[in-house]
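Structure, as C-alpha cells:
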Amino acid sequence: MKKTIAVLPGDGIGPEIIRQAVKVLDAVAARYSHGFIYRYADVGASAIDRTGDPYPAATHEVCMTSDSVLFGAIGDPKYDNDPTAKVRPEQGLLRMRKALGLFANIRPVKPYPSLLSASPLKDDIVGGADFIVVRELTGGMYFGEPRGRNEAGDKAFDTCVYSRAEIERVAEVAFSYAARRHGRVTLVDKANVLATSRLWRETVKALHEEKYSDMQLDFLFVDNAAMKMVSNPRDFDVILTENMFGDILSDLAGVINGSIGLLPSASSGAERSLYEPIHGSFPQAAGKDIANPVATILSAAMMLEDAFGLAEEGAAVRRACEYAIASGVCTPDIIPGSRYGTEQTGDFIARRIGEE
Ligand code: IPM
Ligand code: MN
C-alpha cells in the first residue's frame, strides 16, 4: 500500500518524538511492504518564527493533499508568558483542526499491566480500566464568538456555542465506538449550569432514543466525572464530552496510565484525519532525549488502523510498544532511573517490529 503522510513535528519535544514515530512507520513499511511518503510541514511557534503564521497556507495545502496527518506538539513558553502576544502557536493547532474539519478527538485510556505501579493511584483502582474519551474538537469555548476584550481592556470574554448538528455528529461517533466496545456512553456536561450542556443532553438523549436505544446512556456532571475518573475509572466505557471538558478530563486520564506520555489520540472528521499524542510540547525536556515517544508511536498505530485500514500493522506496533514497556525499555517518566532515552526507545520499538 502506498500512502502519503503529512508530518508536522511542531514545537518543543515535537521533532524528537515524531522522529521515533517515523522510524516505526519505516519499520512497518519494510516489514509489510508498504510505501509511506512523508511530507514535512511547519506548524506552531516554529512556523511563526519562519513565516509569521502558526498555520501557514503551505502547511494546510500539504495536509489537504496527503492521506493523513501525523502531528507532534505545539506551544512555546516565550508565548505562554506574554499575554499580549497577538499571534500564538496554539492558534495554529486550532485553525488546523477547524480547517481540516476534525470535529471528533478520540483518546483511548488503558493502563499497561506491567505499569500499574507507575500510576500514583492504587493498583486495584486503575487495574482493568479501559475507556475512551470522545472529545468534541471544533466547537465550544475554543471557537465561540464573540471573544476578546472590551474597549477599556479591563474585561475579557469567551463564548461557548454549540449547535444541535455539531452535537449530533460527534455523538454518532461516540455511539459507533460504544457499539464496538461495551455499549455504554457517558455524556459529561454541566447541565445544571450551562445552556449549551442542556442542549447536549437533549440532543444526545433524543439520538439515543431514536437510533441507539440498545445501548446504555448515562449522564454525569463534569465535576463529578473528574472525581469518578480517578476513584472508579473502571466504570467508564465511552465518555462523550464537549471541547473544554474533554481537554481537561483527558489530561486527568493520563494519571491512570501512569504517564501522559503514553496516551495517543485520533482527530477525525468527515474527510480528513490527524493523529497526535495528547500531551503538549514539554519545552523543559526539548532536546534532552528524555521525552516519551510512545504516545506518538501509538498515534501512528491508530493512523495505520483507522486511516489506512491496516489492522495487523497497527497491532504489531502496539505489541512492540507493550514489549518495550514490559522489558523496561522506555523513558524515565515511566521507568524510574531508566537509562533509555527517546531515541533508544524508538530504535527498540522499530527493531522489534522487524524481528517479531
Ligand atoms: C490538546 C492541547 C491543545 C488543546 C492546546 C495545545 C491548544 O492541550 O490537544 O489537548 O487545548 O486542545
Ligand atoms: Mn490538552
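The values are calculated or read from the model by the stated rules, or taken from the named source; none is laboratory data. Treat the numbers as computed from the prediction; the structure is a model and nothing was measured. All Cβ positions, glycine included, derive from the backbone under ideal geometry; neighbour counts span all protein chains shown. For accessibility, only protein heavy atoms count, side chains too; no ligands or nucleic acids. Shrake-Rupley method; radii C 1.70, N 1.55, O 1.52, S 1.80 Å.
Specify which of the listed residues (Val87, Val133, Val173) is out of contact with any Cys (no Cβ under 8 Å at 6 or more places or on another chain), β-branched (Val, Ile, Thr) and outside the structural domain of Ser197 (by TED's automatic domain parsing).
Working: Val133 fails: outside the structural domain of Ser197 (by TED's automatic domain parsing); Val173 fails: outside the structural domain of Ser197 (by TED's automatic domain parsing).
Testing whether each residue is out of contact with any Cys (no Cβ under 8 Å at 6 or more places or on another chain), β-branched (Val, Ile, Thr) and outside the structural domain of Ser197 (by TED's automatic domain parsing) leaves just Val87.
Which of the residues belonging to the stretch 239-255 are of a type in the set (A, V, I, L, M, F, W, C) and within 13 Å of ligand 1 (Cβ to nearest atom)?
Going residue by residue through the stretch 239-255, those that are of a type in the set (A, V, I, L, M, F, W, C) are 239-240, 244-245, 248-249, 252-253, 255.
Answer for the stretch 239-255, where residues must be of a type in the set (A, V, I, L, M, F, W, C) and within 13 Å of ligand 1 (Cβ to nearest atom): Met244, Phe245, Ile248, Leu249, Leu252, Ala253.
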Would you please name the residue that is surrounded by the fewest Cβ atoms within 10 Å (Cβ to Cβ), looking only at residues in the stretch 87-125 that are part of a helix (DSSP H, G or I) and of a type in the set (D, E, K, R)?
-> Asp124
Residue identified as closer than 18 Å to Glu166 by Cβ, assigned to a strand (DSSP E or B) and away from ligand 1 (no atom under 16 Å from the Cβ) among Val204, Val185 | Val185
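Identify, please: which residue in the stretch 299-317 is open to solvent by less than 10 Å² (accessible area, probe 1.4 Å) and out of contact with any Lys or Arg (no Cβ under 6 Å at 6 or more places or on another chain) and is, among those, nearest to Gly258 (Cα to Cα)?
The initial filter retains those residues of the stretch 299-317 that are open to solvent by less than 10 Å² (accessible area, probe 1.4 Å), namely 299-301, 303-304, 314, 316-317.
Adding the requirement that they be out of contact with any Lys or Arg (no Cβ under 6 Å at 6 or more places or on another chain) leaves 299-300, 303-304, 314, 316-317.
Values: Ser299: 17, Ala300: 20, Met303: 23, Leu304: 25, Gly314: 22, Ala316: 22, Val317: 20 Å.
Result: Ser299.
Output the number of residues of the stretch 222-233 satisfying the condition of being touching a Lys or Arg at 6+ places or on another chain (Cβ under 9 Å) and buried (at least 16 other Cβ atoms within 10 Å of the Cβ). Working first, answer last.
To start, the set of residues in the stretch 222-233 that are touching a Lys or Arg at 6+ places or on another chain (Cβ under 9 Å) comprises 222-223.
Of the ones still in play, those that are also buried (at least 16 other Cβ atoms within 10 Å of the Cβ) are 222.
The total comes to 1.
Residue check: is Gly258 within 17 Å of the chain's Cα centre (by Cα), more than 16 Å from ligand 1 (Cβ to nearest atom) and in the same structural domain as Ile248 (by TED's automatic domain parsing)? It would help to see each step written out before you state the result.
Values: within 17 Å of the chain's Cα centre (by Cα): yes; more than 16 Å from ligand 1 (Cβ to nearest atom): yes; in the same structural domain as Ile248 (by TED's automatic domain parsing): yes.
Against the criterion (within 17 Å of the chain's Cα centre (by Cα), more than 16 Å from ligand 1 (Cβ to nearest atom) and in the same structural domain as Ile248 (by TED's automatic domain parsing)), Gly258 qualifies.
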Would you confirm whether any residue within the stretch 323-331 is of a type in the set (S, T, N, Q), out of contact with any Lys or Arg (no Cβ under 9 Å at 6 or more places or on another chain), part of a loop (DSSP other than H, G, I, E, B) and surrounded by 20 or more Cβ atoms within 10 Å (Cβ to Cβ)?
-> yes
Scanning the stretch 131-164 for residues that are under 21 Å from the mean Cα position of the chain (by Cα) and open to solvent by 40 Å² or more (accessible area, probe 1.4 Å) gives Met141, Tyr142, Phe143
Taking the stretch 306-335 on its own, how many of its residues are more than 16 Å from Val294 (Cβ to Cβ) and free of Cβ contacts under 8 Å to residues at least 24 places away in the same chain?
-> 2
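Conditions (1) within 21 Å of His34 (Cα to Cα); (2) surrounded by fewer than 18 Cβ atoms within 10 Å (Cβ to Cβ); (3) within 16 Å of ligand 1 (Cβ to nearest atom), marked per residue:
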position: Leu262; (1), (2), (3): no, no, yes
position: Tyr275; (1), (2), (3): yes, no, yes
position: Ile278; (1), (2), (3): no, no, yes
position: Ile290; (1), (2), (3): no, no, no
position: Val294; (1), (2), (3): no, no, no
position: Arg319; (1), (2), (3): yes, yes, no
position: Arg351; (1), (2), (3): yes, yes, no
position: Gly354; (1), (2), (3): yes, yes, no
